[in-house]
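Can you read through this structure? Questions will come right after.
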Amino acid sequence: MVNGGMPLEKQGLIAIQNVRKSFPQGETGELLVLNDVDLRFEPGEFISLIGPSGCGKSTLLRIIAGLAQADSGVVTLDGERITRPGFERGLVFQDPTLFPWMTIYENIAYGLRSRGVYKEEKHTIPDFFKLVGLEGFEKFYPHHLSGGMAQRAALVRVLVNHPKVLLLDEPLGALDAFTRMNMQDEILKIWQGAQSGAERRMTVVMVTHDVDEAVYMAERIVVMSARPAKIENIITVGIGRPRRRDDPEFLELRAKILRILHFAGTRVELEYNL
């Protein structure tokens, strides 16, 4: 099956070329956040961006989402330059950001209505509720849900649009440890399911401060330096799935990432959990 002239297995290719981004600081100065960043994320990959607080990870994600523009350089999705937000790129924040005046069903249907395809695709919504275990909560409002349930609803609100790229900006950072680990498995299950069906193939880019989370979930880990960010290292996680957090390979890779950050001269403000 081909969409826009490109085979589905080739969709979701993100190319970041010489991206520079700064913010005004004071009356005449500027704060350089990203400095000539070059990256390439292949279709269907699960990528984690990790690095010290304030190094520019979330800024890079917002540029990919089209919510911010680089000062210079180019970011493309499947060869097309990204200049604004689009439904083919779904972004999930640390806070669920659900519309409080809408029911969970209305929140999830919002994207379909905005695209003008609600009548044609509303039959898929129950499948997404089932996918994340929210059956029976369709008529509830966001304040009725736990943190983990609200985050699942926010995730589904993006997934219902069948994005090529799923962007996750520390989506589990506010959850307790047990819920966080369950949600990690939920996201992996959704991503792996997307890879098994050609029409749902999806690239995932996740920002995290949690070293264990990066090793547990990603296929490749991009380690960024302190601001202004450069790419310190790109690590391929050669550990099979499902992964065990107490596996010697897992622990060795975690230690390697922490060493890279230390030798890069950064103050490591990251998390790791057993």
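Which lysines, on any chain, are close to Lys119 with Cα under 21 Å apart, when same-chain ones fewer than 8 places away are left out?
Once the sequence-local lysines are set aside, what remains near Lys119 is Lys130, Lys139.
Expected output is a single nm value to one decimal: the length gained when fully extending between Phe140 and Glu27, i.e. 0.36 nm times separation in residues minus the C-alpha distance. What is it?
This chain segment gains 35.9 nm when fully extended.
Also, I was wondering about something else. Give me the one-decimal nm value for the distance between modelled label points at Asp176 and Thr83, 7 Å along each residue's Cα-to-Cβ direction.
4.9
What's the local net charge at Val207, with K and R +1, D and E -1, over the other residues with C-beta under 12 Å away?
On the way: positive: Lys57, Arg62; negative: Asp169, Glu170, Asp210, Glu213.
That sum, taken over residues with Cβ under 12 Å, equals -2.
Still on this structure: Under 10 Å, Cα contacts only: if you run a Gaussian network model on the chain, which one of Gly56, Gly12, Gly193 comes out with the highest mean-square fluctuation?
Gly193
How would Asp247, Asp78 line up from fewest to most surrounding beta-carbon atoms within 10 angstrom? Write down the numbers at each step before the final one.
Working: Asp247 13, Asp78 18.
Result, fewest neighbours first: Asp247, Asp78.
For the chain, set up a GNM with springs between Cα atoms under 10 Å and report which of Leu159, Leu60, Leu253 has the largest fluctuation.
Among Leu159, Leu60, Leu253, the largest GNM mean-square fluctuation belongs to Leu253.
Mean separation of Cα pairs under 8 Å and 6+ residues apart, divided by the residue count of the range 82-177: what relative contact order is that in percent?
On the way: 118 pairs, mean separation 49.7, N = 96.
In percent, rounded to a whole number, it is 52.
If one computes the Cα centroid of the range 85-146 and of the range 240-254, what distance in Å separates the two points?
The range 85-146 and the range 240-254 have Cα centres separated by 34 Å.
Same structure, new question: Using Cα positions and a limit of under 16 Å, work out the lysines in reach of Lys164, with same-chain residues fewer than 8 apart set aside.
Lys10
Which loop GluC sites (Glu not before Pro) in the range 60-137, with loop taken from DSSP, have no more than 13 other Cβ atoms within 10 angstrom of their Cβ? Mind showing how you got there, number by number?
On the way: sites: Glu80, Glu88, Glu106, Glu120, Glu121, Glu135; in loops: Glu88, Glu135.
Listed in order of number, the matching sites are Glu135.
So how do 111-117, 15-21 stack up, highest first, on mean other-Cβ count within 10 Å? Write out the running numbers ahead of the final one.
Working: 111-117: 13.7, 15-21: 17.9.
With the highest mean Cβ count within 10 Å placed first, the list reads 15-21, 111-117.
Over all distinct Cα pairs, what is the inverse of the mean 1/r for the chain, reported as the Kirkwood hydrodynamic radius in Å? Don't jump to the answer; show the numbers that get you there.
On the way: mean 1/r = 0.0515 Å⁻¹.
Evaluated over the chain, this radius sits at 19.4 Å.
Bear in mind these aren't lab numbers, they're just calculated from the coordinates by the rules spelled out. Every value quoted in this text rests on a predicted model; they were computed, and no experiment measured them. FYI the Cβ positions are ideal-geometry reconstructions off the backbone, even for glycines, and counts take in every protein chain you see.
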